[in-house]
Structures are given as structure tokens and as C-alpha cells.
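Student: Have a look at this one before I ask anything.
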Amino acid sequence: MAGTAGTPKYIHELRRVRGLPEEERKALEAVEEKFAFRSNEYYLSLINWEDPDDPIRRIVIPSPEELERWGRLDASEEVDYTIAPGLQHKYDQTALLLLSDQCGGFCRFCFRKRLFMERSREVVRDISTDVAYIREHPEITNVLLTGGDPLFLSTRKLTEVIGTLREIDHVRIIRIGSKIPAYNPYRIINDPALLEMIRTCSTAQRRIYVMTQFNHPREITPVARQGLDLLQEAGAILANQTPILRGINDDPAVLAELLRQLSFIGVPPYYLFQCRPTLGNHHFAVPVEEAYLIIEEAKKNCSGLAKRPTFVMSHKTGKIAIVGLDHEYVYFRYHQAADYDNIGKFMVFRRDPDALWFDDYRDPVREMRVSYG
């Protein structure tokens, strides 16, 4: 692996991917022109190039299927909850800061690929306005740093952001949403300053959480585990989330192994997401009810610690959990909601085996809000 002191070299053009045949690369030129490509030598080394259906390849290498006309660039209508550039406030207790329009790699199923298609106005460069808003809203106890990937920022810049947020008394949790532990664990291993920042800022009553994204068990390599261990030793709390993705983790055995491996290394599975209807993502989408059954089958081979994740859709109105189905009906509940009164709301719809998103269901059979008194 090229690079300095174990640091993998980033690759921004498919023509520089050594394992990709020239004929295939040429066939992907139109995809690469529309949806940006990025990876690095470490992550590309995990691909079995002899297998055209290799799941790691599917995560990061473009496919002609991305040109299918389906979905929208802002599938969850994040624009409706944008307070200022880089700042979203959808749920009372949580603010979201978009800090970066770069990642260790560009997931082909990314729901924010709009950030990578051009220099994005959505990403904040100066957080002063956003911090002022957070300071003025004491209901905000959690700030989620995301993008793009916050760990793609320099440690100096990240330290400035986290240090500023740590000055706000009501911000008790800072979350860093990152796929860097899977894409490039050397970013963690080779940067003692990053670990020192976490050690300083993740305190007994005010923790830093690192929300990882491992989509397939083969991403959990010895090097990735080393990076995770260092984060944990520095005081970060870890949890993992992944969408259910066709050809990557839609096999119950593969999903069970992912959940099990995460539980073994102390990275609790947190959310399993329904793949959002984002432009270019149709070939990754698994129907809602099929995904529910895959998850339930996978959980049969997991301990209680591994079967904790909540299966949700990040809908424009909130996080809608898929909580059950029978021969005739599918059952949903608002796990979180933009409208506070909808939290806990229970909904019953007639089953639709082709439904890929909540909006595909029509006319609820029953709706019930939670009432206390």
C-alpha cells in the first residue's frame, strides 16, 4: 500500500483504480461524470476483483445502474429543516452540523451525494452563526457532526469546532458521524492529536460518540479494529448504523455476521435504515417488508446485544420504525418526529410487497397517537 507511514493514498479517478478493467472503466465514464468517485488504496485492497458481485466493490465502485431515473437528491427534504448554512434542526434535542463535503470514500448509495456533485452551499465553513443558534436553544442536548465526513477535516479544525461546542453547557453529547473507521482507519491510528482531543473532550458527563458505518462484515479488518480500540481507549462511545442494501447486506447470514461482529468488538448496532429513495440508489433498495423479514431472520442468530438496532426510515417527517407485519398488515411507529406530537404515533397499513418507502403506502387502516391521561 503506497503512502507515508501506513497512510493510504486517496484516489479520485476510476482510471487510477488498478483492479478495474479498462473496458469496464470506459463504460462507467458517464456515471463518474455525474456522480463523483473517491476511494483509497486501503479500502480498494479489500475488494475481490475476481468477483463482479463483491460487496465491497459494490459499496464504492460506480455502476451503470446509478443512471436509472429514480428518487431525488434530497430524499428526506433536509432543506425544510435547514436553519442556516450547515445547520439543521429537525428534532428538538438534536442539531446537525454539516462540516464537510468530502469523505474517505464516496458510498455509491449515499443519501447526500448532492454535496459531492458540486461545491455545496449546505456545508458550513464558519460555524459562528450556527453556534449562536445552538447556544440560544437550551433544548438542544445533542449536536451531530456530519457531512460528508467530519473526520476528513484536519484535527485542528475539528478540535476548534468541538471545543466551541463544549463551551455550551446544555450540549451534553457531541456525535461524530463517520465512515472513516471503515474507509481509512489509519486516519485514527496515525493521529495522536485526534485521540488526545477525544480524551480531553469526552468526559464522564459529556461524552463524544462516534457513529460508525460498517455496512458489511469484511470491512471489520484487524486495522479497523485497531482504530476502533484507540477511539474507545480515548473515551469515545461507539455505535454503528447501516442501511439495508441490495447485494451488500441483504442476506440474513451476512447481516447476522455484521451485527455479531459489531457486538463482539463493543460497537453496538444502533440503527438499521431503509435505503432512502435518493437519485441513483434504486439498485440498492430492498422493499420495506422484505428488509424487515431479512432483519428478523438475521436476529435469530444474534445475542440480545447484537439484536438491538431499530429498523427505521429517515422520512421527511421523522424516523419511522417498522415494528411488525402479519399476513395482511404492516405496522409502523414514529420513533422520532419533527412534529413532537407524532412521537410514538402508531400506524397500520395494508401490506405492499413492492413498497420501497413510507410514501408508497396509501390510506392507513388505523392511526393512534400516544396519550398519557
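The values are calculated or read from the model by the stated rules, or taken from the named source; none is laboratory data. As the structure is a prediction and not an experimental result, all values here were calculated from the model. Glycine also receives a Cβ, built like all others from the backbone with ideal geometry; neighbour counts cover every protein chain displayed.
Student: Which ones in segment 257-305 are within 18 Å of THR212 (Cβ to Cβ) and charged (D, E, K, R)?
Tutor: Across segment 257-305, the qualifying residues are GLU257, ARG260.
Student: Among the residues of segment 153-171, what is the count of those that are part of a helix (DSSP H, G or I) and either among the aliphatic types (A, V, I, L, M) or in contact with a Cys (Cβ under 6 Å, 6 or more places away or on another chain) (or both)? Walk me through it before giving the result.
Tutor: Within segment 153-171, the subset part of a helix (DSSP H, G or I) is 155-166.
Subset that is either among the aliphatic types (A, V, I, L, M) or in contact with a Cys (Cβ under 6 Å, 6 or more places away or on another chain) (or both): 158, 161-162, 165-166.
Final tally of qualifying residues: 5.
Student: Please enumerate the residues belonging to segment 332-373 that are under 22 Å from GLU297 (Cβ atoms) and surrounded by fewer than 17 Cβ atoms within 10 Å (Cβ to Cβ).
Tutor: Residues satisfying the conditions are ARG351, ASP352, PRO353, ASP354.
Student: Under 7 Å by Cβ, and 6 or more places apart or on different chains, what pairs join a residue from segment 339-368 that is modelled with pLDDT of 95 or more with one that is in a helix (DSSP H, G or I) and among the hydrophobic types (A, V, I, L, M, F, W, C)?
Tutor: Final answer for the pair search is ALA355/VAL288; LEU356/VAL288.
Student: Which of (1) surrounded by fewer than 20 Cβ atoms within 10 Å (Cβ to Cβ); (2) out of contact with any Phe, Trp or Tyr (no Cβ under 7 Å at 6 or more places or on another chain) is the odd one out, the single condition SER202 does not satisfy?
Tutor: Of everything listed in (1) surrounded by fewer than 20 Cβ atoms within 10 Å (Cβ to Cβ); (2) out of contact with any Phe, Trp or Tyr (no Cβ under 7 Å at 6 or more places or on another chain), SER202 misses just condition (1).
Student: Scan segment 48-62 for residues that are closer than 16 Å to LEU245 by Cβ and either free of Cβ contacts under 8 Å to residues at least 40 places away in the same chain or within 20 Å of the chain's Cα centre (by Cα) (or both) and jot them down. Steps first, answer last, please.
Tutor: Going residue by residue through segment 48-62, those that are closer than 16 Å to LEU245 by Cβ are 53-62.
Those that are closer than 16 Å to LEU245 by Cβ and either free of Cβ contacts under 8 Å to residues at least 40 places away in the same chain or within 20 Å of the chain's Cα centre (by Cα) (or both): ASP54, PRO55, ILE56, ARG57, ARG58, ILE59, VAL60, ILE61, PRO62.
Student: Then there's this: Quick check, is ARG246 assigned to a loop (DSSP other than H, G, I, E, B) and of a type outside the set (Asp, Glu)? Lay out the reasoning, then the answer.
Tutor: Working: assigned to a loop (DSSP other than H, G, I, E, B): yes; of a type outside the set (Asp, Glu): yes.
For ARG246, the condition - assigned to a loop (DSSP other than H, G, I, E, B) and of a type outside the set (Asp, Glu) - is met.
Student: So which of LEU115, LEU144, LEU98 ends up being buried (at least 20 other Cβ atoms within 10 Å of the Cβ), closer than 27 Å to PHE35 by Cα, in contact (Cβ under 8 Å) with a residue 40 or more places away in the chain and touching a strand residue (DSSP E or B) at 6+ places or on another chain (Cβ under 9 Å)?
Tutor: Values: LEU115 fails: in contact (Cβ under 8 Å) with a residue 40 or more places away in the chain; LEU144 fails: buried (at least 20 other Cβ atoms within 10 Å of the Cβ).
Only one candidate qualifies: LEU98.
Student: Which residues, taken from segment 36-69, are outside any helix (DSSP H, G or I), hydrophobic (A, V, I, L, M, F, W, C) and at pLDDT 95 or above? Full working, then the answer.
Tutor: Our first condition is that a residue be outside any helix (DSSP H, G or I); within segment 36-69, this holds for 36-40, 45-54, 61-63, 68-69.
So of that shortlist, the ones also hydrophobic (A, V, I, L, M, F, W, C) come out as 36-37, 46-47, 49, 61.
Within segment 36-69, PHE37, LEU46, ILE47, TRP49, ILE61 meet the criteria.
Student: Then there's this: Quick test for you: out of GLY71, GLY19, GLY6, GLY86, pick the one residue that is on the phi > 0 side of the Ramachandran plot, touching a helix residue (DSSP H, G or I) at 6+ places or on another chain (Cβ under 8 Å) and surrounded by fewer than 18 Cβ atoms within 10 Å (Cβ to Cβ).
Tutor: GLY6
Student: ASP130 fails exactly one of the following numbered conditions: (1) part of a helix (DSSP H, G or I); (2) touching a residue at least 40 places away in the same chain (Cβ under 8 Å); (3) surrounded by fewer than 21 Cβ atoms within 10 Å (Cβ to Cβ); (4) of a type in the set (D, E, K, R). What is the number of that condition?
Tutor: (3)
Student: Just the residues that are among the basic types (Lys, Arg) and either touching a Pro at 6+ places or on another chain (Cβ under 8 Å) or within 15 Å of GLN102 (Cα to Cα) (or both), please, taken from segment 115-157.
Tutor: In the first step, residues of segment 115-157 are kept if they are among the basic types (Lys, Arg); the result is 119, 121, 125, 135, 156-157.
Across segment 115-157, the qualifying residues are ARG119, ARG121, ARG125, LYS157.
Student: In segment 16-28, what count of residues is obtained for those that are over 15 Å from VAL60 (Cα atoms) and in contact (Cβ under 8 Å) with a residue 12 or more places away in the chain?
Tutor: First, pick out the residues of segment 16-28 that are over 15 Å from VAL60 (Cα atoms): 21-23, 26-27.
Now drop any that are not in contact (Cβ under 8 Å) with a residue 12 or more places away in the chain, which leaves 27.
Final tally of qualifying residues: 1.
Student: Now for a separate question. Condition first: assigned to a loop (DSSP other than H, G, I, E, B) and under 15 Å from LEU262 (Cα atoms). Now tell me which residues in segment 293-313 satisfy that.
Tutor: Residues satisfying the conditions are ASN301, CYS302, SER303, GLY304, LEU305, ALA306, LYS307, ARG308, PRO309.
Student: Quick test of your reading of the structure: ILE127 fulfils all but one of (1) more than 16 Å from GLY86 (Cα to Cα); (2) over 14 Å from the mean Cα position of the chain (by Cα); (3) not hydroxyl-bearing (Ser, Thr, Tyr). Name the failing condition by number.
Tutor: Every condition holds for ILE127 apart from (1).
Student: Would you point out which residue out of LEU245, LEU262, LEU258 is aliphatic (A, V, I, L, M), surrounded by 17 or more Cβ atoms within 10 Å (Cβ to Cβ), under 30 Å from ALA224 (Cα atoms) and touching a residue at least 60 places away in the same chain (Cβ under 8 Å)? Spell out the reasoning first.
Tutor: On the way: LEU262 fails: touching a residue at least 60 places away in the same chain (Cβ under 8 Å); LEU258 fails: touching a residue at least 60 places away in the same chain (Cβ under 8 Å).
Criteria check complete, one pass: LEU245.
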